[in-house]
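Written out below as structure tokens is the structure these notes cover.
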Amino acid sequence: MFPMKSKFTLRIDTELLKKFRNIAGYNGRSANCEMEVLIRKYVAAFEKRHGSV
């Protein structure tokens, strides 16, 4: 069974989003998937320093 996915709205500068989408494409991901990968890395680094949240 797949984990439930939540929606999240992000307000971001248009030019920054354009660059982010280019980077995501370079990595072979959608912008959404790229964001999820980055958030997972950020959470893992935080939990390594501070313990599970």
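So the values come out like this:
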| quantity | calculated |
| --- | --- |
| Residue in the stretch 18-28 that is in a helix (DSSP H, G or I), of a type in the set (A, V, I, L, M) and out of contact with any Gly (no Cβ under 8 Å at 6 or more places or on another chain) present | yes |
| Selected residue (only one of PHE46, PHE2, PHE8 is surrounded by 10 or more Cβ atoms within 10 Å (Cβ to Cβ) and either modelled with pLDDT under 95 or assigned to a helix (DSSP H, G or I) (or both)) | PHE46 |
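The values are calculated or read from the model by the stated rules, or taken from the named source; none is laboratory data. Values in this document were obtained by computation on a predicted structure and should not be read as measured data. Because the Cβ atoms are built from the backbone with ideal geometry, glycine has one as well, and the counts that use them run over all protein chains shown.
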